Amino acid sequence: MKMRKSGLFILLPVLAGTFLLLTAFGPFSTNSTGEVPPAETITIPDDIQRIFDKSCFGCHNSESTSDKAKKKLLLDQFTELSKVKLIGKLGEIVETVENNEMPPEKFLSKYPDKALTDDEVKRLKEWADKTADDLMK
Ligand code: HEC
C-alpha cells in the first residue's frame, strides 16, 4: 500500500515534466498564446514592388520630404515591421487604394501617370488581404 502511493508520486511529476518538455520544445511547440506560431515575415513579390515603386515609394520612404507620409508608411522598412503592425498597415493599404485615396489626388493631377490602374488596385488589394490573412493564421 505504502509502496504504490509513493510510486505514483514519482510517476506523476515525471509524466508532467515530459509533457511540458514536449510542448515547449517538441514538434507541437506553441507560442505564449497557445496557438501554432504563424508566419513571422513577409516578402513583397516583384509585381507588387513595381506597383509600390511607381505609385507610392516616392512619398513613403525614409528619405521622403513628406513627414506626414513617412509617419504613416515606410515602404523601404515595411517588411521589418512587427507582425501586429504589418497586419494593421496592410489593412490601411487595402482601405486607401479601395477608396482611391492613394496616391493623393493633388499629386495625381501633376503626375497622372503615377495613378494605379484598375488591375494594379486589384492586385495590390489581393496581395495585402492575403498577406494579412497568412500573418493571422
Ligand atoms: C504624393 C505623396 C504620396 C504618394 C505618391 C502616396 N502617398 Fe500614401 N500618404 C501620403 C500622405 C501625405 C499621407 C498622410 C495623410 C494624412 O496624414 O492625412 C499618406 C498616408 C497613407 C496611408 C495611411 C492612411 C491612413 O489610414 O492614415 C497609407 C496606408 C498610404 N498612404 C498608402 C499609400 C499607397 C499604397 C500608395 C501608392 C499606391 C501611396 N500611399 C502613395 C502621401 C503619399
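The values are calculated or read from the model by the stated rules, or taken from the named source; none is laboratory data. This one's a predicted model, so the numbers in the text were calculated from it and none came from an experiment. Positions of Cβ are generated from backbone atoms using ideal geometry, with glycine treated the same way; all protein chains shown enter the neighbour counts. Just so you know, the surface numbers come from the protein's heavy atoms only, side chains and all, with ligands and any DNA or RNA stripped out. Shrake-Rupley method; radii C 1.70, N 1.55, O 1.52, S 1.80 Å.
Before moving on, here are some points about what is shown:
- Residue by residue, the range 40-50 carries 3J(HN,Hα) couplings of 9, 10, 10, 10, 9, x, 4, 5, 6, 4, 5 Hz when phi is fed to the Karplus relation 6.51 cos²θ - 1.76 cosθ + 1.60 (θ = phi - 60°); x denotes Gly or Pro.
- GluC sites (Glu not before Pro) within the range 81-137: DSSP coil, no more than 15 neighbouring Cβ in 10 Å: GLU101
- With each label modelled as a point 7 angstrom along the Cα→C-beta vector, the LYS110-MET136 pair spans 3.7 nm.
- Carbon and sulfur %, accessible surface of the range 46-136 computed with the full protein complex present, 1.4 Å: 51 percent
- Fully extended contour minus Cα-Cα distance, from SER82 to ILE44, at 0.36 nm per residue: 12.2 nm
- Set of lysines with alpha-carbon distance to LYS106 below 20 Å, sequence-local pairs under 8 removed: LYS54, LYS68, LYS70, LYS71, LYS72, LYS114
- Here the translational diffusion coefficient of the range 73-137 follows from Stokes-Einstein with Rh set to the Kirkwood radius across Cα pairs; for 10 °C and 1.306 mPa s it amounts to 126 µm²/s.
- Inter-label distance, nm, simple model (7 Å from Cα along the C-beta direction), GLU92/LYS68: 1.4 nm
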